[in-house]
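Below is one structure, written out as structure tokens; the observations come after it.
The values are calculated or read from the model by the stated rules, or taken from the named source; none is laboratory data. All of these numbers come straight from a predicted model, not from anything done at the bench. Neighbour counts are summed over all protein chains in view; Cβ atoms, including those assigned to glycine, are modelled from backbone coordinates with ideal geometry.
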Amino acid sequence: MASTIEFQEVALEYKDTRALDGVSSTLEGGCTYGLIGRNGAGKTSLLSLIASYRKPTGGRVLIDGIEPFEQAEQMQKVWLAYSWDMSEESDSIATTLKQNAAYRPDYDLDYAFSMLERFGLDPKKALNKLSVGMQAAYSVIEAFAVNAPITIFDEVHHGMDAPSRQLFYEMVLEAREKFQRTMILSTHLVSEMAYLFDHVLVLHRGRLLADEPYDTLVERGVTITGPEEPVEAFIQGYQEIDRKRLGRTLSVMLYGILKPEDMERARRAGLEVSPVSLQELFIHMTKERSRT
Amino acid sequence: MKSITRKHILHVIEDVYIQYMIWALWATGIVVVLFTVSALFFRPFMNLNQSALTLITNPAQIFMFVLGIITGAYLIQYYVRMGVTRRSFYVGTTIAGFAVALSTQLIGVLLTLVSLGVEALTPYQAGRQLATYLGTTHGYPMTILISTLLLSVHFFGAWIIGFTFYRFRFIAKTVSIIGGIILISGLSLLWDSASMMVTIRGNALYLSREFTLPSALMLTVGILLALLGILYRMIKESPVKMH
């Protein structure tokens, strides 16, 4: 069931804008990918190419080695969940689910109805009568019920309240354990969702800034905490991301991998070395690039 | 690797046809109720010469035009989201469009039969006159064929306009509206009287040409094919909006 996605020098141009510029990467089947980037970074454009909503203007997108655009079999492998306008959708949730199931061979209607109950959604209610959060929950339920080998969530969960988002995250973990499904989670809620990612793609101004396993990426930064003077002495030569001070205690975030001898030096100096969060790294990486 | 799948085409035909026929039956019901109420209060409605099939032709053209606009503006994003290729969507919706056009005519025939039944039981006098095309009437089969073709032109012309509004910017939108109006008006005039009159600053300009039935039919089919060709080119690689 696992499907691989390959981007080969992918470019996408709108009339006046270059949304994607030479994106190359391979997304292995069965992994959960976090796609993060600032507003207008090109995240939705990239996802729309996987789902065949658009055709790249340069390069190639491949799903299991085949370009998906206008290829029925490949298009059926992808489900893209996003916040779409449901104001004209007067059919009930149940009717819509059943109608949509006709187009997807692996659609699990029983699962969909059981999840409606867990999210507290009434199947008889019309889609356009649902609140923004409920519409988001509907989109998430359908995305899992479709059972597509490639399931993409484009910030669809942002309208949900905290308990519903938690339920969504549990569904992601459950799907990862049970099925060999390739999932892409595009989000601004980096700190909340980072634990779900096997691999992280950081997109900025249409280019990939990072394409690494989550663990490798977060090793790129460390926080050094301790008394002010030894911390100041220690961080010489490292690139500083951010600093916080509490009394005489100083905490400095550094970008870069600590050398083993520096780790030892920090330990001897009584300094605390802790990892930097993905969100802090992301802010730093995209901020630096925006200055250039 | 397939860009067209029979299963998807059949699903699209079924979905689009059923949805549009539900609306068609609602619209027909409203027209029948309005007509019945009018007939009770206004004597002229009791003695109309025109058959029900003829009476519904103009409302059906407006109805098909509205359906075309809706098709162009809304449907493609749903089907691409479902994993249906643009080509399957195009083929399925085209067949459904023709089927709806024909079905509205069959509803007209059914209403005509019902009106004849009512005539037998009440003082109401049912009309029997069929629509006039090229200045004359042509019998039920040919009338149904011509009307179906004209309804289809309305549907596909409006589909182009709706899709232009979905995909393109101001100039293309304006051109599509003007083109659609010229096309549909021209065809209607052609079938109405086989000649056209255009007035420029008070001077009447007659574009008169005697069309035979076969030549008018071929011209109409040719226009339909041209519309379908334009639609295909517009749809086959169209980007789909995410909203």
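Observations, loosely collected:
- Total residues in the range B:16-48, condition free of Cβ contacts under 8 Å to residues at least 60 places away in the same chain and under 14 Å from A:ALA102 (Cβ atoms): 2
- Residue within the range B:103-117 that is surrounded by 21 or more Cβ atoms within 10 Å (Cβ to Cβ), within 14 Å of another protein chain (Cβ to nearest Cβ), in contact (Cβ under 8 Å) with a residue 40 or more places away in the chain and of a type outside the set (Ser, Thr, Tyr) present: no
- When the range B:152-166 is filtered for residues that are in contact with a Gly (Cβ under 9 Å, 6 or more places away or on another chain) and either closer than 15 Å to B:SER238 by Cα or not aromatic (Phe, Trp, Tyr) (or both), the ones remaining, listed by number, are B:SER152, B:HIS154, B:GLY157, B:ALA158, B:TRP159, B:ILE160, B:ILE161, B:GLY162, B:PHE163, B:THR164, B:PHE165, B:TYR166.
- Flag for A:ASP211 being in contact with a Leu (Cβ under 7 Å, 6 or more places away or on another chain) and at pLDDT 90 or above: yes
- Against the test of being touching a residue at least 60 places away in the same chain (Cβ under 8 Å) and β-branched (Val, Ile, Thr), the options B:ILE178, B:ILE161, B:ILE171 yield a single qualifying residue, B:ILE161.
- Qualifying residue in the range B:72-86 (condition: more than 14 Å from every other protein chain (Cβ to nearest Cβ) and either of a type in the set (Gly, Ala, Ser) or within 13 Å of the chain's Cα centre (by Cα) (or both)): yes
- With respect to (1) over 20 Å from A:ALA143 (Cβ atoms); (2) within 12 Å of another protein chain (Cβ to nearest Cβ), the lone exception for A:LEU47 is condition (1).
- Residue in the range A:107-125 that is part of a helix (DSSP H, G or I) and in contact with a strand residue (DSSP E or B) (Cβ under 7 Å, 6 or more places away or on another chain) present: no
- Checking each residue in the range A:50-79 for being in contact with a Phe, Trp or Tyr (Cβ under 9 Å, 6 or more places away or on another chain), within 14 Å of A:ILE150 (Cβ to Cβ) and either facing another protein chain (nearest Cβ under 7 Å) or polar (S, T, N, Q) (or both) picks out A:SER52, A:MET75, A:GLN76.
- Residue in the range A:83-97 that is within 23 Å of the chain's Cα centre (by Cα), under 28 Å from A:VAL200 (Cα atoms) and either away from every other protein chain (no Cβ under 14 Å) or among the polar types (S, T, N, Q) (or both) present: yes
- Tally of residues being polar (S, T, N, Q) and exposed (fewer than 14 other Cβ atoms within 10 Å of the Cβ) across the range B:1-59: 5
- Close Cβ contacts (under 8 Å, 6 or more residues apart or on different chains) running from residues in the range B:222-241 that are away from chain A (no Cβ under 14 Å) to residues that are in a helix (DSSP H, G or I) and charged (D, E, K, R) comprise B:MET234/B:ARG167.
- Looking at A:MET134, A:MET171, just one residue is closer than 30 Å to A:SER114 by Cα, in a helix (DSSP H, G or I) and more than 18 Å from the chain's Cα centre (by Cα), and that residue is A:MET134.
- Qualifying helices (runs of 4 or more DSSP H) (wholly inside the range B:10-116; at least 1 residues being farther than 30 Å from A:LYS77 by Cα): B:52-55, B:57-70
- Residue among A:GLY29, A:GLY22 that alone is at pLDDT below 95, over 16 Å from B:MET242 (Cβ atoms), under 18 Å from the mean Cα position of the chain (by Cα) and not aliphatic (A, V, I, L, M): A:GLY29
- Any hit, the range B:144-160, residues being within 14 Å of another protein chain (Cβ to nearest Cβ), in contact with a helix residue (DSSP H, G or I) (Cβ under 9 Å, 6 or more places away or on another chain) and in a helix (DSSP H, G or I): no
- Boolean, A:MET253 is among the hydrophobic types (A, V, I, L, M, F, W, C) and assigned to a helix (DSSP H, G or I): no
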